Amino acid sequence: MAGALDGFKVIDFGQYIAGPLVGMLMADQGADVIKVDPPGGPRWKTPANATWNRGKRSIVLDLKEAGDLSTAKGLIQGADVVVENFRPGVMDKLGLGAEAMTLANPRLVYLSLPGFASDDPRAATPAWEGILGAAPATYRPRPSESGTEDPVYTAIPISSNYGAFQGAVATVMALISRERDGVGQRIEEPLFDATFASIGRAGMRVHSEKDTGVDLRRIWGGHFQCKDGRWVRFGGSGNQNLHQFVEAAGITSWHAEGLTDVDRLGREVELADELERRMKELFKTRTAQEWEDLVAGAGSECAMCRTSEEWFSHPHALESKMVIEVQDPTYGKMLQPGINARLSLTPGEVRRPAPAPDQDREEILLEVASRQQAPPAQAADKTMRSVLEGVKVLDLCIILAGPTCGRTLAEYGADVIKIDNPSRGSTVSSHNEVNRGKRSILLDLKTQEGLDVFWHLLEDTDVVAQNYRAGRIEALGLGYEELRKRKPDIIYVSLNAYGHLGPWAGRPGHEQFAQAATGMDRRLGGDGTPTTQPNAINDYGTGYMGAYGVALALLHRERTGQGQHVDSALAYTAMIHQSPYMQLYDGKSWDEPRGMDSMGGRPLHRAYQAKDGWLFVGAQESDLPRLATVDGLSSIDALHGEALTESLEERFKAGTVQSWVQRLNDAGVGAHRVVSALSELLDDPWVIDHGLSLTREHDEIGLVTGVGPSPRLSRTPVAPGRPAPKPGAQGREILEEVGMGQEFDRLLERGVILTEGVAAG
């Protein structure tokens, strides 16, 4: 079986990024994806279509023509999944909406990916990527030496990517539910809503916390320019093997000065300033490549800030298969991102390059004409059960990516038990953000008694998740091979920084190193200092890709009884995030927007300053006549290129943001205020009412505000679950469930288990 989705048929009506990306993720896993394009082919003419449409078949249909509309209905009636990302109501007007099609085909899973939700006041706004970036504070200002409050545009399509990631997870979860009762459902994953998942801890607010005065992120870490003028991203406050690095770098004298005492550095601003100055001098003594090699030898964290073009030829990118070669009929030999979620028994594959528009028309029409009547759906269970009710997960993960995978499974109803080391204490990173909906136990797995508890917990477990670098978990005897000997049907997910194949498989790394290695930092920083993206988009994205892999594995196990190993990595996800640009072929031009002073991609897709703030305009050249009808923009349709940009800059400064957004939207042109602060976003009444911002009481630390889940499933809705518990709070009840309740007090006395872990902010 090549892929977990072999035998499933997907009809992909998607355009631009989100819909086609979901189709690609499903085609990579074996689904028969039929790409339906309008006359003239995809709306966006881009080489990236060679990636997003790989593995699919193609037909062109004019949905305003009766015959083609009938064909579209026939395709849907024989499908398992429909994917569309039009504005709300567009498919309904054609008679192809979710309600009509799920009535015609009760087994259908219908995924809608609108820019704004059907019940959002902005539902009719043309939701270009820049509009979606402006609305959820993605373009918020960054601290700068100049002190400007200008928005910072990123060319990474974060909203579309997160809509695709979560849409893919929700779709496979709905297919799992269908295995139970034979009935499909409707899913809406608005791209604005989906973006909240990328915000994560950046928006988390512990209301009782005080400002420490020291930015802990700059302690023993940051971007540093090297002897050869190139940059590296090095370490951070959680720097692994710091003392080994100090020895390798020949700076052991820093110990006596307190410069390696992270706790002291966190308290003393002047000492932290001195460390920063010394670090800048230190990195000027070697080339970037020399530092990357030296730090790797010390077992610590460092990555040269490469361009994406450089990463394509890097040995690790090639050997790990995060870069693959596809023979494209249009572009010839092309390098593009590899498969993200990887499964050991159902690995999936890129079965064919992207087709030419309408390439498979005759074959598809024959299939529609000969389609057998689908068996009637079973009566739906009226009880709204969670998809993963009865599924038990042991979550051994730390930091963000792995715990996000576990949190996502909890949102779909799994019983997730978070296992942490008792000695980790207050450094259970971002505990309250990524561990909601879980139960917690503090268990020392480095002791034989702790391992005995784990093996008892494993007996009725379905999924184990871990995100340590290669070899670490195996050293404890808890690798996949060891676990499947005891429980052959276990699903085991491994997440790390650089993947599990290739020369960097054993290297430690976090979010910022995947960004540096794959070109993200250089893309945003431009010719200046490399700069990280506004949110931890690789961490959270990898968590969702891990959950996608688990969902695929659970679906496969429902059908075969087999477990398997799932893996993904931050660098894999970095490749997908940059997929609009990550194609390398003869004649490739790296001309995407880059640099901290970029306001957008073109005159009609960029931010403009008004009298009292900033707005983002999203439109096409064909919209210029509409723009010219807007009060204050007369004759604008006579301008193009830089002249158009300069005229719009001058004219927008004459009015307020609200007035311009209203006038442009009334004319059918996309525009949105650039929201500049996450606090403003998370305090928005609509956001709160729809559960995208949650403020709840947490054990012993009071009110905590964070983001909530966004997928909307009609039959098996997700739920945020209870607030993250105090670490270790459920230790006794968890042991009682596996018949070890009588052992709890003895293990507590010996320090194998703790009940008084520190609640972390």
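What percentage of the solvent-accessible surface of the stretch 240-349, computed with a 1.4 Å probe over protein heavy atoms, is contributed by carbon and sulfur atoms?
On the way: 2380 of 5020 Å².
The computed percentage sits at 48.
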Original post:
Which GluC sites (Glu not before Pro) from the stretch 115-185 combine a DSSP loop assignment with at most 15 other Cβ atoms within 10 Å?
Top reply: Glu145, Glu149
Original post:
Taking the Cα-to-Cβ direction at Ala256 and at Glu362 and moving 7 Å from each Cα, how far apart do the two end points lie in nm?
Top reply: 8.5 nm
Subject >> FRET efficiency, Tyr585 to Ala124 (Cβ-Cβ, R0 56 Å, nearest 0.05) >> reply: 0.90
**OP:** Could you let me know the centre-to-centre spacing of the stretch 467-527 and the stretch 40-68, using Cα atoms, in angstrom?
**Re:** 35 Å
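Ordering Lys438, Lys588 by how much accessible area each has at a 1.4 Å probe, largest first, what is the list?
Working: Lys438 0, Lys588 45 Å².
Per-residue accessible area, sorted high to low, gives Lys588, Lys438.
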Original post:
Over the stretch 446-573, what percent of the accessible surface lies on carbon and sulfur atoms, probe 1.4 Å?
Top reply: 43 percent
Original post:
Which of [x] 3, 14, 24, 27, 20, 9, 3, 0, 0; [y] 3, 14, 23, 24, 17, 11, 6, 3, 0, 0; [z] 2, 9, 13, 17, 18, 15, 11, 7, 4, 2, 0, 0 is the computed P(r) over Cα pairs in 10 Å bins from 0, in percent for the structure on display?
Top reply: [x]
Original post:
Measuring from label point to label point, each 7 Å out along Cα→Cβ, what is the Trp455 to Gln289 span in nm?
Top reply: 4.9 nm
Original post:
What's the FRET efficiency of Ala100 with Glu482 using the Cβ-Cβ distance as r and R₀ = 56 Å, to the nearest 0.05?
Top reply: 0.65
Subject >> Fraction of antiparallel bridges per DSSP, the chain only, in percent to nearest 5 >> reply: 50 percent
Original post:
To the nearest 20 debye, what charge dipole does the chain have about its Cα centre, counting +1 at the Cβ of each Lys and Arg and -1 at the Cβ of each Asp and Glu?
Top reply: 780 debye
Original post:
Which ³J(HN,Hα) values, rounded to whole Hz and listed in residue order, are derived for the stretch 98-103 from phi using the Karplus coefficients 6.51, -1.76 and 1.60 in 6.51 cos²θ - 1.76 cosθ + 1.60 with θ = phi - 60°, glycine and proline given as x?
Top reply: 4, 5, 5, 6, 6, 6
Subject >> Whole-Å distance, taken between Cα centres, linking the stretch 706-732 and the stretch 69-128 >> reply: 28 Å
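Quantify, in whole percent, the carbon and sulfur part of the accessible surface of the stretch 683-761 (1.4 Å probe; protein heavy atoms only).
Roughly 49 percent of what the probe reaches on the stretch 683-761 is carbon or sulfur.
Check each of the GluC sites (Glu not before Pro) in the stretch 620-721 and keep only those in coil by DSSP with at most 12 other C-beta atoms within 10 angstrom; list them in order.
Details: sites: Glu621, Glu642, Glu646, Glu649, Glu650, Glu680, Glu697, Glu700; in loops: Glu700.
Here the sparse-neighbourhood loop sites are Glu700.
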Original post:
Roughly how many nanometres apart are two label points built 7 Å out from the Cα toward the Cβ at Glu646 and Asp181?
Top reply: 6.4 nm
Subject >> Accessible area of the chain divided out per residue, in Å², using a probe of 1.4 angstrom >> reply: 38 Å²
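The values are calculated or read from the model by the stated rules, or taken from the named source; none is laboratory data. Being a predicted model, the structure only gives us computed values, none of them experimental. Cβ coordinates were reconstructed from backbone atoms using ideal geometry, including for glycine residues, and neighbour counts include every protein chain displayed. These accessible areas exclude ligands, DNA and RNA; they are computed on the full protein's heavy atoms, side chains included. Shrake-Rupley method; radii C 1.70, N 1.55, O 1.52, S 1.80 Å.
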